[in-house]
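Working notes, beginning with the structure itself.
Every number here is computed from the coordinates shown, using simple stated rules; none is lab data. None of these values were measured; they are calculated from a predicted model. No Cβ is skipped: glycine too gets one built from the backbone with ideal geometry, and neighbour counts run over all protein chains shown.
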Ligand code: FES
């Protein structure tokens, strides 16, 4: 997709207006609005910041700051699948460090990098809310638990190959 096409589509504009109406304070609608744009492009192109700001009645700088602050708002293009691997304490105690090393070696990337073939963007993440079944990761919106190296291989080999 070329940069010139990164404008807010009419459906996104309507959705952001609807999102704004749900919140008493416009700034509270900002992250949902950013995620709505991300749903459109897979990331939030900076050239959409002005449009988002105008719709929410905020400064463009505020939109840019919030977009760059949140881990799950992507301010650069990402792979077709986003992997989030938890390395917080419960997962670490259950072997997440070995899983992390395995994923990084298998994909040839470090955190916040995208594989050369564009399949995966890999992110070392905070707790994913499945501590009782650690170690775990998200691939897209699907959560995988009790990971082993073999399970990681099986998941990644069948995802978007
Ligand atoms: S610490 Fe990994 S899911 Fe909670």
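Odds and ends about this structure:
- Cα-projected label distance for residue 111 with residue 27, points at 7 Å along beta-carbon direction, nm: 2.7
- Relative to the longest principal axis of the Cα atoms of the chain, helix 60-69 runs at roughly 10 degrees.
- Region 60-94 and region 121-149 have Cα centres spaced 13 Å apart.
- The slack between residue 80 and residue 153, meaning 0.36 nm per residue of separation minus the straight C-alpha distance, is 24.5 nm.
- Comparing 66, 37, 78 in a Gaussian network model of the chain, where Cα atoms under 10 Å apart are tied by springs, the biggest mean-square fluctuation is seen for 66.
- Helical runs (DSSP H, four residues minimum) scored at -39500 (n - 2.57) apiece and divided by the length of the chain put the mean residue ellipticity at 222 nm at -12500 deg cm²/dmol.
- The label point for residue 14 and the one for residue 92, both projected 7 Å from the Cα toward the Cβ, are 4.8 nm apart.
- Both radii are taken from the alpha-carbon atoms of the chain; with Rh as the Kirkwood radius, Rg/Rh is 1.03.
- Percent RCO, i.e. relative contact order, over region 32-108, from Cα pairs under 8 Å lying at least 6 residues apart: 26
- Burial ordering of 85, 71, 92, 8, fewest other beta-carbon atoms within 10 Å first: 71, 92, 8, 85
- Bridges between two residues of the chain, per DSSP, are antiparallel at a rate of about 55%.
- Principal-axis analysis of the Cα atoms of the chain puts helix 149-158 at an angle of about 50° to the longest axis.
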